Structures are given as C-alpha cells and as structure tokens.
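> Below is one structure. I have some questions about it.
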Amino acid sequence: MLSACMALIDGKTERQEFEAFYRKNRRLGMGKAYAILGNEALAEDALSEGFLRLAKCFQKVHDLPSHKLQAYFVIIVRNVSLDMLRKEQREQTLPFDEELYTDEPLPDADVSRLKECMERLSDTDREILYLRYDLALEYSDIASALGISEAASRQRVRYAKAKLRTELLKE
C-alpha cells in the first residue's frame with residue numbers, strides 16, 4: 001500500500017516526508033477508522049484509502065505544520081470511514097436545506113463568542129470550516145480530501161457558515 005502512495009508523489013524529499021508521516025501516523029489512522037467501523041478489515045481499507053487521498057494532494061499540504069497535517073489526515077480517514085459505514089448500512093442522507101445558506105458575510109463577533117458558537121456546531125461543520133479557513137485549502141483540495149465533488153465542498157462550506165451565522169445571531 002505504501003508503494004502505491006509513493007508512486008503518486010513526485011520528488012524524493014516529498015516521498016521521504018510521506019513515508020515518515022505514514023510510519024508515524026498509521027496507528028492513529030487505524031484507531032480512528034476502527035473506532036468508527038468496528039471491523040479490522042474495513043478499518044484497514046479505510047486507512048489505505050485515506051493514505052491514497054493524502055498522497056494525491058501531498059505536494060500541496062506537505063508544508064503544513066505536523067499537527068495540522070495530522071489533523072487533516074485524521075479528517076480524511078474519518079470521512080472515508082463514515083462513507084464506508086453509510087454504504088454498508090445503506091443509510092439515507094438528510095435533504096440539504098437550501099434556505100439556510102447564503103453568501104452574506106458573518107456578523108462581527110469577538111473571538112470568545114466565535115469559539116462558543118463554533119463549539120455548538122457539529123464535528124462535520126467544524127471540520128469543513130477548519131479545512132477552508134484555518135488550513136486555507138482550496139475547494140478542490142477539500143473535495144479531494146473528503147472524497148466529494150468540488151461543488152459539494154462549496155455547498156458544505158456555505159452550509160456550515162450559515163449554521164455559524166445562525167449561532168452568532170442568537171441572543
């Protein structure tokens with residue numbers, strides 16, 4: 001599996017960095033996948049897919065600080081695992097609420113108020129906002145990491161912003 005990932009990466013130093021990252025974070029990714037899937041074989045598949053997705057965009061994200069790169073990887077593995085779980089259980093997704101999102105800017109708020117509102121969001125919403133605004137990733141990179149289309153990544157960001165806006169306007 002590692003060799004398949006390495007084939008996707010250009011440059012000797014990037015390959016070495018990826019290999020070091022792989023060896024250091026394999027257990028972390030496996031633990032996250034197993035916690036979600038509860039099956040070792042499925043967790044291994046999710047881990048492999050997560051590393052492949054990371055390898056595809058590694059040249060864009062390898063300069064991130066190690067803790068942010070690690071968080072990015074965990075988000076990838078988490079989403080791959082959840083996708084696998086949904087397929088296995090054949091769950092229906094909730095309809096997208098068109099009324100909630102708009103491109104209006106967020107209202108002004110101090111940092112502590114913003115943190116409070118962010119904590120009330122779901123993990124998925126916080127993660128998509130983290131990828132877009134903290135890591136400053138392009139929509140295409142977010143789409144690649146999450147295994148969704150670029151249009152879907154744009155919609156998820158807008159939807160998460162709308163939820164944050166709603167939280168900020170409360171009171």
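The values are calculated or read from the model by the stated rules, or taken from the named source; none is laboratory data. This one's a predicted model, so the numbers in the text were calculated from it and none came from an experiment. Positions of Cβ are generated from backbone atoms using ideal geometry, with glycine treated the same way; all protein chains shown enter the neighbour counts.
> One residue is enough: does the range 13-20 have a residue meeting the conditions free of Cβ contacts under 8 Å to residues at least 24 places away in the same chain, among the β-branched types (Val, Ile, Thr) and over 19 Å from Ile148 (Cβ atoms)?
Yes, there is a match, as at least one residue in the range 13-20 is free of Cβ contacts under 8 Å to residues at least 24 places away in the same chain, among the β-branched types (Val, Ile, Thr) and over 19 Å from Ile148 (Cβ atoms).
> Take the range 109-126 and flag every residue that is assigned to a loop (DSSP other than H, G, I, E, B), surrounded by fewer than 13 Cβ atoms within 10 Å (Cβ to Cβ) and small (Gly, Ala, Ser). Reasoning before the result, please.
As a first pass, look at the range 109-126 and keep what is assigned to a loop (DSSP other than H, G, I, E, B): 109-110, 121-122.
When the remaining residues are screened for being surrounded by fewer than 13 Cβ atoms within 10 Å (Cβ to Cβ), the result is 110, 122.
Matches in the range 109-126: Ser122 only.
> For the range 129-171, which residues satisfy the criterion of being among the polar types (S, T, N, Q) and not in a helix (DSSP H, G or I)?
Listed by number, the list holds a single entry, Ser149.
> So for the range 33-41 (the condition being assigned to a helix (DSSP H, G or I), under 13 Å from the mean Cα position of the chain (by Cα), within 20 Å of Ile128 (Cα to Cα) and outside the structural domain of Tyr130 (by TED's automatic domain parsing)), does at least one residue qualify?
no
> Any idea which of (1) among the aliphatic types (A, V, I, L, M); (2) over 19 Å from Glu127 (Cα atoms); (3) part of a helix (DSSP H, G or I); (4) out of contact with any Leu (no Cβ under 9 Å at 6 or more places or on another chain) is the one Ile9 doesn't satisfy?
Result: Ile9 passes all but (3).
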